[in-house]
Each structure stands twice: as C-alpha cells, then as structure tokens.
4 protein chains.
Amino acid sequence: MAFSDAIIAIVITLLVLDLRPPEAEPGGLLTALLEEWPTYLAYAASYVYLAVIWLNHKAAFTRIEEMDRGLQWSNLGILATLALVPWPTAVIAETARTGNLADERVAVALYAIVGALLCLSWLVFFSHLARHPDLTKEEVDDSYFARERPRAIIGVVLYLAAGIAGVLIHPLVASVVFLLVPTFFAFTSHGFDQGVPLLRFGRTNDDRESGKRSGDG
Amino acid sequence: MAFSDAIIAIVITLLVLDLRPPEAEPGGLLTALLEEWPTYLAYAASYVYLAVIWLNHKAAFTRIEEMDRGLQWSNLGILATLALVPWPTAVIAETARTGNLADERVAVALYAIVGALLCLSWLVFFSHLARHPDLTKEEVDDSYFARERPRAIIGVVLYLAAGIAGVLIHPLVASVVFLLVPTFFAFTSHGFDQGVPLLRFGRTNDDRESGKRSGDG
Amino acid sequence: MAFSDAIIAIVITLLVLDLRPPEAEPGGLLTALLEEWPTYLAYAASYVYLAVIWLNHKAAFTRIEEMDRGLQWSNLGILATLALVPWPTAVIAETARTGNLADERVAVALYAIVGALLCLSWLVFFSHLARHPDLTKEEVDDSYFARERPRAIIGVVLYLAAGIAGVLIHPLVASVVFLLVPTFFAFTSHGFDQGVPLLRFGRTNDDRESGKRSGDG
Amino acid sequence: MAFSDAIIAIVITLLVLDLRPPEAEPGGLLTALLEEWPTYLAYAASYVYLAVIWLNHKAAFTRIEEMDRGLQWSNLGILATLALVPWPTAVIAETARTGNLADERVAVALYAIVGALLCLSWLVFFSHLARHPDLTKEEVDDSYFARERPRAIIGVVLYLAAGIAGVLIHPLVASVVFLLVPTFFAFTSHGFDQGVPLLRFGRTNDDRESGKRSGDG
C-alpha cells in the first residue's frame, strides 16, 4: 500500500508541474493567465479523477488480507495506466488552446483509450480477487469483488463509446462523458461500502478489548 | 496520513526544481546568481508556509480516530490547494524579476486567491470534524475543531484583504501580508496544542503499562 | 523499506514525464503521436523492468530481520543503479527516433553497462546476506541468499553479452535481450518463493493466536 | 520519519532528472555522452552525500522517543538545506563543462555556503536534543547528542575553509574537500553507533518475550 500510495501521490502532484508562470509580454500577465484556462480545468478534472481512483483503491485494499503474484501484477497494471492519465489530459488541454478540430478528435480518442485501459486493469484486478476469495479478509463477503466487476465493465464501455462519439460527432460530447465517469465511480463506490469507515487511526475501545487491529495500510 | 505526507513532501521538494544553474555568459555566473534573489526568497517563503501547513495537518490528524468519506474529500481539498502554492509563488518571483507593476498586481491577486482557497479548504475540514465528533479520538475535547474554525476564517479574510490592497494600493503591501500569515498560523497552532508532544515514536513506559498505542501516522 | 519503496515509486513515475503533448502543426497531432512510438515502448519496457525489480526487492526484504551498515550501502547501490534505468532507456528511444546506426550502437552499449551495474549491485547485496545469515529471519533457510547469487551473475553476463552483440552485430539483437532479461528475473523469482504470500495486511487468525506479527514493511 | 524519508527519497531521485539524452548531431552521441562526465561525477557525489545524510538522520531518529515543536523545526531546517544540495552541485557541473575559472570560484563558494548551512542545521538539531534529554529514548545516554555536536561544527568549519581556499587558491582544492567531507561523516557516524543494528523489521524472539517494540520508523 505504501508503494501504491506513493505512486498515486506522485502522479497527482506532477499535475501541478504544468502550472507555470506563463510566457508573457510585460503587462500581459493577466491575459496570459486567463488564456491558460484549459490547463486549470484539466488540473481540476485530473485531480478529482485520480482522487476517486485513490479512494476506490483504498476501499479495495481495506478488504484484502494477502497479495499473491497475480494480484501484485494486476495492481501494477492499475498503477501503470493511472500514471498515464495526466498525459492525454495535457494533450486535450493543448488542443483546446490551439483549437484545431481534427487534433481535438485525436486527443479525445487518446483519452478514451487510456480511460478504457484503466477500467480494463480494474476489471482484471477485481476478477482476480473474485477468483481467489482466500486473498480477502474473512469478514468480507465472498461475492464482494465479483459484484465490483460490472462497474469496471461499464467504465470500459463508457470510455470507448465516448471516444467513438468524440471522433464521429464532436469532441465536446466525449469531454462531457470524461468529466462524468469519475462522478459515476465516486457515487457507486459510496453505495458499495455500506457505511464502513474508510480509514481508522490508532485503536478504538473495542479494538483494545478484543485485541483486533485494523489493517490501516 | 502516508498519502497526505507524501503529497506535502513532493510539493515541498518540487520547489527546489526552480533552482537551476542560471543561463550566463562565461564569467557572469555571480551576477546571474545574484539576480535570481526573488526565486530564493520565494523558495524560503513557500518552504516555511508548506512546513507550517504540514505541522498543522499533523496536529489535526493526531486527534482523528476515523475518516469518513466527507473527511477524505475535505482533506483532498486541502491537498489540492496546497499543491497550488508553488505556482503563484513562482509567478510573483517572475514578476519581481521583470518588474512590471501591472503584472505584479495580477501576481499578488493570484496568490491571494490561492491562499484564500487554501484557508477555505481548512474551514470545510474543521467544520466537518466539528459536526462529526465521533471521528475524533475520545480524549479530544468535542469543541476542539469548532474552536479551530476562526483561524481558518481569519486566513480567508486576510488573504482576500491582502489581494485587494495589493491591487488598489501596492503589491508590496500584499507580499508583506503573505509572509506574515504563515507566521500567524505557526504561532496560533502552538497556542492550541497545550504542550502535547507532536509525535511519538515507539512506546513509552506508560504506554507499555496501560496498553495504549498512540496513532503515530 | 519506506525509503526504498519511495525511491522506486518516484523512479517509476518519472518515466511518465517523458510522455508530453508532442510539438505539432495544427492538424498534425495524430502523425506526431504515432511517431512517438519508441517512447511508448520504452515506457512499457522500463515500467515492467522496474516493477520486476520492486517485486524482487520486496521478496528479499520479507526475509530480512535486521539491516547492518553493509546491507544499507548495498541496498543504496541497488537504488542508485535502478534510478539510472530511465536514462539509457530514453537514449535508446531517442536514437530509435533519429535512426542513426552508430548512435544506436552507443545507446545499447550504454544500456548494457547500466543493466550490468544493476545486476552487479544485486550480486553485492545477495553476497552480503549470504555471508551474514544473522540478518535474515529465523524461518529463512541459511543458503537462501547464496542461491540467489547465480541469478545476479547471469544478469551481469547477459547484459554485457547483449551490449557486445549490439555493437558488433546489430543494436536490435541487444534490444531483444534487454526486453527478455526482466522476463527471466520475473519467472525465476517466482520459482524461488515457494508459494509464500508476498504481502500480508493486518493479522490472520493464526497470528492472533500465536501473537506473531508479520513484518509487512 | 515517513515525511523526512519521502523528502530525502525525492531529492535523491530528482538528481537523475539531470541525466537526459544529450543534444547531438547524428553520429555524435558517443562524444556528447562523454562530454557530460561532470554531470555523472556530480550525480555520484550528490547521491553518496545524500545517502550519508539519510543514514545519519536514521541513526539519530532511532534514538528519539518524542518530537516537540523545536525538534520539528530543526528537522525541517535539515530537510530544507539538504534539498538545496543538488542545486550547487549542478552549478559546479555546469562550470566544469564551460571551464571559466571565475565562474568555478563562484560555484565552489556557493557549494561551500550550502554545505555550511546544512552542517549548521545539524548543529541546531543536535543542540536541541542535547538540551532536551526527555525527547530521547531511555536507553540512550544523555550525553549522546551533546557528543554529536563537534562533528557538525567540524563540518561548518571544513565547508567554510574549503570555500575560502577555493576562491583564494584554486576551485579544485574546494572540490576535493567537498568529496571528502561526506566520507568523514560516513566514518565518524559508524564510530558512534557502537554496533547497534540500524534497522529492524518485524519482531525478534527477545522482543516477543519482553514485549518491547523497536521504533522502526
């Protein structure tokens, strides 16, 4: 978890590297700053998306007892694809700035591919856990991760559909879907965790009495 | 905490990336280095500010027992806005170098907005904890986080006032306030923690006897 | 472990910094993106390689009880050389783009040297552990790390041979070996760990009863 | 410790960012790579220096039980100055490449100032611990940190003397001292820790029996 946490923290923070003092004529700073709006929007959207992924990742790992090699590699697959997210985001921000429609179609198609790959890596991850219930904690229902799979499949389909619509109809259609998908994941994740506290620091009274210790990653 | 710690550590370290060997004619290194003084001042000021935020963050989390989804998101709000700090800092350093007064007004206004957003995110965080005393540790007074809110409100007001003064009067007025606000937060934080040790490694004798274990994040 | 984990996480994430919106004429984004293919391949290959190193590193440290100064420095040697990996990878990607055969020979030779140094640092690490069985956990066979040494030696030989073949025959020969070596390390590592779970979060029932606590780094 | 570890890990890894595929004419890669030798030397020297600092930092913190605000700020002082190290290192590497003697004097003076500031921050850190023996672990001798102070004072003096010699005599004199000081700290640190294992993972048999738990940061 320390490793995954570090990677997500680094990726989320590298987003800020795109925010630089703009090149501007003396006196032209305000205009130059305002023209950078696609970068600000891209920062906000990527940050929220990566935050949602982190919360989902954390929610999954609070239910995992052990990791085998297959789970390690499927987790590394999630980390590899989420680390890609800032790249198509920056490409979309760049094309929003230059405003060429053909480039914008390419940019949303690229984003859709990366988004679909990310959801695919979650699908592999959930499927591995569904097939190996011995890796999850005792108190977790054996069908829990099997029931997580449809969310990942919906993600793959949504991203691919958005990409196709972005190329055939208009890039804006795709962009709207890209902003909505993380919201979908945020809300469905909340629906699945049944009010279990997400993180717990130190020990509660109950823990002290029973000697349990929550795996707080 | 590992995730928050990692993000603050990365943001604080990325500040150094602005310190590069300057472009200079052969023999002109000394002049070039001295001309970079606004960057050095910006490095020092941002470092101290982020260090104060980290200490306040740590002080808050030593009192938190559990995190729910609302606290997660308000914490992510703090992390998102503190990650922005190096950006307006670099913009101010850049305008200090070029010396255009109109640009300097824009730069301090930008810094004021980011500073106010950061204090606003702390206000949301403290308010959530004040409304959910079940998230804090038993030994923490239920009104503790309610009493932290005025500090955040003062921060929002100070940043907005400094920004307005910087635009209407002179950017220097704003810069002085920007340097003083972290000092205010550093000292008031000290006043609130009533001599409780900030961090504790391993176990003390007392812990060993009573079986308690401090949540050392 | 936190320190090693952080370094590997940072190195693996810095790879993505090479993925940037390409410089392109309006309408030329697709061509420009497709021309970047050596960077994508280099990203994938370096990511997999660093992931394999991380898993091997983790597998070694689950068997280590204590660290002395010699082990600290040999671990720092591994971290220093693995941090170099993205550099020759970027050089190879760059020469694949420009397509000069003499440069490609130099690039694969550079990669071979870094790869051999990395395997050499593992050899030093394994040899230190083989000579100091008191540093490993009780349940680990005393000959375990001695038996890890041949893998490191094979790595040194393979990288040097690939470098020489790349210079004398053709750079492509070297590139193929570079892609195969991590696969070799991934599979032989799997063969050595005898089904022991790689990571364990929280406590299992057995732990609770016997009072043991796995060092989950 | 997680925060300090993360900062040192990031600083040590950012060093590699200076290693990039060099700008070169087709066929000129080998020459271009060889001309970068000052960067390689700077990478190696900075890496070893930061590794020594990390080991010293770790050795100090294994003896610390609690942190008060003064210790927090003096630790933040160490982190702030060590994060600066890559900057004068890059400036020296840059002047070694261009070869202007006046610039080289400036570069070694800059390095000497940063080095002296770093040792000064250690002096403040050790002095605080010497004045507050209640912050250290019971088993640590009360005079331990008082006896660490001379090492820091010697460091300040050595860096200032090297800087002056570099400006008045020749930059090379300073560079040699810069390479030797970390060696001095590495060896004297070893002399001070009296064979105590540096890190310990999990629990040993003895721990299990006596109920002690080493603070493994």
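Given the conditions (1) of a type in the set (Ser, Thr, Tyr); (2) in contact (Cβ under 8 Å) with a residue 24 or more places away in the chain; (3) away from chain B (no Cβ under 14 Å), report the number of the one that D:THR89 does not fulfil.
In the conditions (1) of a type in the set (Ser, Thr, Tyr); (2) in contact (Cβ under 8 Å) with a residue 24 or more places away in the chain; (3) away from chain B (no Cβ under 14 Å), D:THR89 misses (3) alone.
With the structure loaded, tell me whether D:PRO182 is open to solvent by less than 40 Å² (accessible area, probe 1.4 Å), within 20 Å of D:HIS57 (Cβ to Cβ) and part of a helix (DSSP H, G or I) or whether it fails that test.
Details: open to solvent by less than 40 Å² (accessible area, probe 1.4 Å): yes; within 20 Å of D:HIS57 (Cβ to Cβ): yes; part of a helix (DSSP H, G or I): yes.
Judged against the criteria, D:PRO182 is a match.
What number of residues within region C:1-48 satisfy the criterion of being within 22 Å of C:TRP73 (Cα to Cα) and of a type outside the set (Asp, Glu)?
So the count comes out to 11.
Can you say whether B:THR95 is over 30 Å from D:LEU15 (Cβ atoms), in a helix (DSSP H, G or I) and open to solvent by less than 40 Å² (accessible area, probe 1.4 Å), as far as the supplied structure shows?
Considered against the rule, which asks whether it is over 30 Å from D:LEU15 (Cβ atoms), in a helix (DSSP H, G or I) and open to solvent by less than 40 Å² (accessible area, probe 1.4 Å), B:THR95 comes out as yes.
Name every residue in region B:98-131 that is part of a helix (DSSP H, G or I), polar (S, T, N, Q) and at the interface with chain A (Cβ under 10 Å from one of its Cβ atoms), in order of residue number.
We begin by selecting, within region B:98-131, every residue part of a helix (DSSP H, G or I); these are B:98, B:101-131.
Filter once more, keeping what is polar (S, T, N, Q): B:98, B:121, B:127.
Matches in region B:98-131: B:THR98 only.
From the list D:LEU41, D:LEU14, which residue is more than 10 Å from every other protein chain (Cβ to nearest Cβ), among the hydrophobic types (A, V, I, L, M, F, W, C) and surrounded by fewer than 20 Cβ atoms within 10 Å (Cβ to Cβ)?
Working: D:LEU14 fails: more than 10 Å from every other protein chain (Cβ to nearest Cβ).
Checking each option against the conditions leaves just D:LEU41.
When the residues of region A:2-11 are filtered to those that are modelled with pLDDT of 85 or more and within 14 Å of C:PHE3 (Cα to Cα), which remaining residue is surrounded by the most Cβ atoms within 10 Å (Cβ to Cβ)?
Per the stated criteria, the residue is A:ALA6.
What do you reckon, is C:LEU19 within 21 Å of the chain's Cα centre (by Cα) and either over 27 Å from D:ALA186 (Cα atoms) or among the aromatic types (Phe, Trp, Tyr) (or both)? Explain how you work it out, then say what you get.
Numbers: within 21 Å of the chain's Cα centre (by Cα): yes; either over 27 Å from D:ALA186 (Cα atoms) or among the aromatic types (Phe, Trp, Tyr) (or both): yes.
It is true that C:LEU19 is within 21 Å of the chain's Cα centre (by Cα) and either over 27 Å from D:ALA186 (Cα atoms) or among the aromatic types (Phe, Trp, Tyr) (or both).
Suppose we filter B:GLY70, B:GLY77 for residues that are out of contact with any His (no Cβ under 8 Å at 6 or more places or on another chain), open to solvent by 10 Å² or more (accessible area, probe 1.4 Å) and either more than 7 Å from chain A (Cβ to nearest Cβ) or in contact (Cβ under 8 Å) with a residue 12 or more places away in the chain (or both); which single one remains?
B:GLY77
Could you tell me whether any residue of region D:28-35 is more than 21 Å from C:ILE8 (Cβ to Cβ), away from chain C (no Cβ under 11 Å) and over 14 Å from the mean Cα position of the chain (by Cα)?
Yes, region D:28-35 has at least one match.
Across region A:80-92, which residue is farthest from A:LEU17 (Cα to Cα) among those that are open to solvent by 10 Å² or more (accessible area, probe 1.4 Å) and of a type in the set (A, V, I, L, M)?
This residue is A:ALA80.
Just wondering, is there one or more residues in region B:52-66 that are away from chain A (no Cβ under 12 Å) and among the aromatic types (Phe, Trp, Tyr)?
Looking through region B:52-66, at least one residue is away from chain A (no Cβ under 12 Å) and among the aromatic types (Phe, Trp, Tyr).
State yes or no: is A:ASP142 touching a strand residue (DSSP E or B) at 6+ places or on another chain (Cβ under 8 Å), free of Cβ contacts under 8 Å to residues at least 12 places away in the same chain, over 30 Å from A:LEU172 (Cα atoms) and surrounded by fewer than 19 Cβ atoms within 10 Å (Cβ to Cβ)? Break it down stepwise before answering.
On the way: touching a strand residue (DSSP E or B) at 6+ places or on another chain (Cβ under 8 Å): yes; free of Cβ contacts under 8 Å to residues at least 12 places away in the same chain: yes; over 30 Å from A:LEU172 (Cα atoms): yes; surrounded by fewer than 19 Cβ atoms within 10 Å (Cβ to Cβ): yes.
When the stated conditions are applied, A:ASP142 passes them.
Among the residues of region C:17-38, write down those that are surrounded by fewer than 16 Cβ atoms within 10 Å (Cβ to Cβ) and closer than 30 Å to C:PHE125 by Cβ.
C:LEU17
Being not in a helix (DSSP H, G or I) and not polar (S, T, N, Q) narrows it down to one of D:ASP141, D:ASP134, so name that one. Quick ask: steps written out before the conclusion?
Values: D:ASP134 fails: not in a helix (DSSP H, G or I).
On inspection, the qualifying residue turns out to be D:ASP141.
Out of curiosity, is C:VAL48 β-branched (Val, Ile, Thr), buried (at least 18 other Cβ atoms within 10 Å of the Cβ), out of contact with any Cys (no Cβ under 9 Å at 6 or more places or on another chain) and at negative phi?
no
Residue-by-condition table, conditions (1) within 9 Å of another protein chain (Cβ to nearest Cβ); (2) open to solvent by 60 Å² or more (accessible area, probe 1.4 Å); (3) in contact with a helix residue (DSSP H, G or I) (Cβ under 9 Å, 6 or more places away or on another chain); (4) modelled with pLDDT under 80:
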site	(1), (2), (3), (4)
A:LEU160	no, yes, yes, no
A:GLY163	no, no, yes, no
A:PRO171	no, no, yes, no
A:ASP193	yes, no, yes, yes
A:PRO197	yes, no, yes, yes
A:ASP206	no, yes, no, yes
A:LYS212	yes, yes, yes, yes
A:GLY217	yes, no, yes, yes
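The values are calculated or read from the model by the stated rules, or taken from the named source; none is laboratory data. If you're wondering where the values come from, they're calculated on a predicted model, not measured in any experiment. Neighbour counts are summed over all protein chains in view; Cβ atoms, including those assigned to glycine, are modelled from backbone coordinates with ideal geometry. Keep in mind that these areas ignore ligands, DNA and RNA; they rest on the heavy atoms of the full protein, side chains included. Shrake-Rupley method; radii C 1.70, N 1.55, O 1.52, S 1.80 Å.
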